[in-house]
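These notes are about the structure you will find just below.
Bear in mind these aren't lab numbers, they're just calculated from the coordinates by the rules spelled out. Keep in mind that this is a model prediction, so the values were computed, not measured. Neighbour counts run over all protein chains shown; Cβ positions are idealised from the backbone, glycine included.
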Amino acid sequence: MRAPPQLRPWISILASASFLLASSPSRASAQGETISSLQDTLAKTGVFVRADAPYVLRNREDAHLPLYFEIINGVEKTGRSAFGKISPYIQRAPLMLEGINVFAKPAGARRQFTNEPLVLGKSKEFSFDARIEGKPYAVTERLKKTLEIPLTTLAAYLNGHYLGGPFETVDLWISFRVAGWSSQNTYLRVRLSASPLPQIANWYRGDMHYHSSYTDNPAERGHPLSVTKQAALHTGLNWVVLADHSTELDPARYNEAAQEAAKYQDGRFLFIRGEEVTVSSAKQALLPTLHLVALPSPDDPARGFPSASAPSDLVIMTGDGSLASPALPLREALERVAAAGGFAYAAHPFDPVSPLLRGGSWDLDLDFMAPDGKKLAAGLVGLEPWNRATSVTADNARDPLCIRRDADPSSCFQPDKEADQYVRLERGIELGWKPLLMKGLSDAGGDRSFPAFKVFLAAGSDAHGDFNYEATMDAVDFLSKPSRGVTGYAEDNAFGKLTTVAHCPRGMGRRGENVLAALRQGKTVLSNGPLLIAGFDLNSNGSLDDEHDVVIGGETVSKLNQLAPLQLQWASNNEFGPFVSIRLIIGSAPGESNPEEIPIPPPMNIASQRLVALDLRPLLEKLSSPGAYVRLEARTRNGAGEEFRCYTNPVWIRISD
């Protein structure tokens, strides 16, 4: 479960209140007294205020910085809540919003904010003046708005208050002024006019796991599609899978989301309507709740996942996995996805969801594999262990970057080995991907196909909005460190920081059908910056985009002495730094080889600019089995010492007699 920082005490209070309301009638008097005493606390704890903006601006065609904000007066009324029974007992007065002020300064502790807000309208008192005829705006339930800040206005403001421009990175202080409340402040950092992400022709970057405003409950919620597209283009994304929770969707909301998503699709960007489905493991366990990302058929992306009993219902609806709201059995969910021509990835398979929802890990035999144990479960094609691009965490969700002068450094972003993206990714590779890859090889042979089955890797931010950083709740961390119930909790994960890059030689397709086909066939690489691709150029024309070429996710059969060279291409930039390592890993029935370091010529340490041939024959002739796969891992390091990575899916090779 993920929750914004304001909800830490709210969750505890709601849990207590829910218990009391569910108790026997003999406790009615005690319930009444408790409800009365909780009303004041709930009235303020259930108020949610946040501001967000992309952490980076790469889209030169957009002359604005989008600043999204949201105010909720009563989170207990949002979405589908297990605590919905409490809402009739909570009386809320409207929040009287006077306005919102935005302050900006060059990034870093050396500069401080001025007292003069950025002027975006006629009012010089507020950047956004919410007053109507001098009276505050009454927020009875919810207010959402995106302020489009012209970059020219921002530059003029900075140049008018600070020396040394132009400025590459700015800090923002967003202050909400609500009558009767102290100012509610959020601090963000934005890189302006950043370079485009590294690119290789016909490879399209996307986020396979994003939550929009169609995920909306007391614990978590995403952002509207309009500002999501704007942020996606600023961060360098071409496509985004909407993986809103199956606990939040119904047929009407699913259809509404699909229709809205279609409005924002153009030749440059598209949304793909998927779903994160809450399921229960096939193993008998105390913690059975799992998640999977369900994706529609490449042949008909609009089809969704129709029910056999109600073909017009295109969405899979489930409980949240708690005792009061059971999840759908995994097999049933996968059967429905497969019947619709769709496919699925195991979401964060070894990073369980909250214990409050009985979150557990995927079982290799009972969950990933079909009942006969010889292939993957029907509908399943892979796993998503690279989930969230987190390297540091903080105990302060309002200012984890220590932007304020009086910020406590100990509560700001600090290294966190348990949350580190690479630690979690490598754990997922060791626990899940490698054993499944080995099984796919070991079950091949005789007249059976090679490999017996394939299994692919994918990556997704799992962002719920989270354009700048992720303000969230990891229940395990919260329970082990109760102070986070007051201060909040943040990770440096953000929308756009983690991508799955799909090979689409014919473009993404009007409805995303080519992206979906690449995801289904494993023609993808995973990256938080640099790119590395590979394949066999079978017609030797210097391209891997032809129909008969064998690229990542494919397989080839050849005599050893006739095996074509494996062609590699890579790209980075100054933001992510030069390549410091490209490693080739060969998998065969006995196991994976030690990584083989590929020499990187110094002139090519930023980008190869072309295909680079690698002869695999000396490595493959040492193998004791005729079937193998090769996969690659690349690492770059920038001037600040930060490491970035790219992982490819395998190419399978069978050596014939």
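Quick rundown of the values:
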quantity: 0 to 90° range, to nearest 10: angle between helix 8-21 axis and the chain longest Cα axis; calculated: 80
quantity: The stretch 529-656: relative contact order as a whole-number percent, Cα under 8 Å and 6+ apart; calculated: 35
quantity: Most to least packed among 139-146, 511-518, 615-622 [average Cβ atoms within 10 Å]; calculated: 511-518, 139-146, 615-622
quantity: Kirkwood estimate for the chain, i.e. one over the average of 1/r between Cα atoms, Å; calculated: 26.1
quantity: Per-selection Rg to Rh, the stretch 249-363 - Cα, Kirkwood hydrodynamic radius; calculated: 1.00
quantity: Mean Cα-pair separation over length for the chain, i.e. relative contact order, pairs under 8 Å, 6 or more apart, %; calculated: 12
quantity: Peptides ranked, highest mean first, by Cβ atoms within 10 Å: ranges 129-137, 424-432, 211-219, 525-533; calculated: 525-533, 211-219, 424-432, 129-137
quantity: Principal-axis tilt of helix 151-161 within the chain, Cα atoms, nearest 10 degrees; calculated: 60
quantity: Rounded to 10°, Cα long-axis angle of helix 28-45 versus longest principal axis of the chain; calculated: 80
quantity: Extended-chain gain in nm, criterion 0.36 nm per residue less alpha-carbon gap, E596 and K263; calculated: 115.2 nm
quantity: L151 paired with S442, simple spin-label distance in nm, labels 7 Å along Cα-to-beta-carbon; calculated: 5.4
quantity: Ranked packing of 302-309, 203-210, 500-507, most packed first, by mean Cβ within 10 Å; calculated: 203-210, 500-507, 302-309
quantity: Isolated Cys in the chain, by beta carbon distance under 4.7 Å; calculated: C504, C646
quantity: E168/K283 FRET efficiency (R0 56 Å; Cβ-Cβ; nearest 0.05); calculated: 0.65
quantity: Exposure proxy ranking, count of Cβ atoms within 10 Å, fewest first, for M369, M508; calculated: M369, M508
quantity: Rounded to whole Å, sorted largest first: equivalent-ellipsoid semi-axes of the stretch 529-656, Cα gyration tensor; calculated: 26, 17, 11
quantity: With eigenvalues of the C-alpha gyration tensor scaled by 5 and rooted, the stretch 147-218, Å; calculated: 29, 26, 9
